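The block underneath contains the structure these notes are about, expressed in structure tokens.
The values are calculated or read from the model by the stated rules, or taken from the named source; none is laboratory data. This is a predicted model, so every value here is computed, not measured. As a convention, Cβ positions derive from the backbone with ideal geometry for all residues, glycine included, and neighbour counts pool all protein chains shown.
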Amino acid sequence: MPSPPASPVGGASGAALVTPAHRAKRSWPLVLVFAQAPGSDLYAFTTSDPQGSRAGEILVRQILDRQLHRRDATLLHAAGVVLDGRALLFLGDAGWGKTTLATWGTVVQGGQFLAGDRVAAYLDGDVPIAVSYARSARYGAGTLRALLGTDDWLDRLPVPGLNQLMGVPKDGKVDRGEFKVVLNNAELAGLLGMPSAASAPLAGIVVLARPHPDAGELDVAVVPPAEAGAVVRPHLRQSVDMLPPLDWEGRRAYGASDSQLARLTQRVPVILARWRLGREDPAELFGAVQERLKEAGTKPAG
């Protein structure tokens, strides 16, 4: 196989380490190349892709994938905050305020930021656990400015004015819509002063949904257990273990199993919240969610 266009962790040349005797796998989006000869160490090579600055994060994610796969974890497109030692997850389509709510709970309610885009959840015996998945989240300038109460947040980043994931200038073309900075938990904590958590017992799952056209106020309700799986299922995601044993030829996918989801929703209350980002007060939503958790017989988060 051709040598990857970069150097491996440790500084040696790729050509010196990758030979036909090595088994190699590429991560998506081709930021890392994993190679391992029978009985030897595993090598991770960074490519010349602009996302190479996230190589360490991606490697951690692949190692975490192996552990989560063993625990039959469910992988959710979600943001999360830990309040008083218990995690609250927010699920919803892009733009519905998942990350904004998790950040608000961290900054305003004194919580710990769990994740902005992906959360894994599994049962440890009968205890549901939420785990921060090693994936950066995208933050708009308005969100950071409003929640942190400062205009100098951009200057605190390692390279001011740079989108940390894409590696392009702030005034460059990143994608349609508003420019967003991509930050991981370590950057949120170290650069912007937001405390973070790696995992916590899971108190509840909040699914954000579009309000009814004639709705005049916030609508928050507990989903009956028999219907909870169907409400959460659209937000399931799947990941693939990129570090399988050398004799493994198939895909080691996990995260989107209906049986895993059923076990999780039997233990964790699912709440449907119909709200409008930017129109309704996050404090009102958090208060309503806490009341619904009490009604469901679960100790609230916060």
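Apart from one condition, LYS299 fits all of (1) modelled with pLDDT under 75; (2) within 25 Å of ARG135 (Cα to Cα); the exception is (2). Evaluate the stretch 258-268: report whether one residue or more is within 18 Å of THR100 (Cβ to Cβ), of a type outside the set (S, T, N, Q), surrounded by 19 or more Cβ atoms within 10 Å (Cβ to Cβ) and modelled with pLDDT of 75 or more. Looking for residues that are within 18 Å of THR100 (Cβ to Cβ), of a type outside the set (S, T, N, Q), surrounded by 19 or more Cβ atoms within 10 Å (Cβ to Cβ) and modelled with pLDDT of 75 or more, one finds none in the stretch 258-268, hence no.
Return yes or no: is VAL240 at pLDDT 85 or above and either crowded, with 19+ Cβ neighbours inside 10 Å or in contact with a Lys or Arg (Cβ under 7 Å, 6 or more places away or on another chain) (or both)? Steps first, please.
Numbers: at pLDDT 85 or above: no; either crowded, with 19+ Cβ neighbours inside 10 Å or in contact with a Lys or Arg (Cβ under 7 Å, 6 or more places away or on another chain) (or both): yes.
No: the conditions fail for VAL240.
Anything in the stretch 83-110 that is part of a loop (DSSP other than H, G, I, E, B), of a type in the set (A, V, I, L, M, F, W, C) and buried (at least 19 other Cβ atoms within 10 Å of the Cβ)? List them, or say none. Don't jump to the end; show me each part of the working.
Of the residues in the stretch 83-110, the ones part of a loop (DSSP other than H, G, I, E, B) are 84-85, 92-97, 108-110.
Now narrow it down to the ones that are of a type in the set (A, V, I, L, M, F, W, C): 94, 96, 108.
Hit for the stretch 83-110 is TRP96, nothing else.
Go through ALA198, ALA203 for me and flag whichever is within 21 Å of the chain's Cα centre (by Cα), at pLDDT 95 or above and among the aliphatic types (A, V, I, L, M). Please lay out each step first, then the result.
Working: ALA198 fails: at pLDDT 95 or above.
Just a single option satisfies the conditions, and that option is ALA203.
Please tell me if VAL174 is assigned to a strand (DSSP E or B) and either surrounded by 13 or more Cβ atoms within 10 Å (Cβ to Cβ) or modelled with pLDDT of 75 or more (or both).
No.
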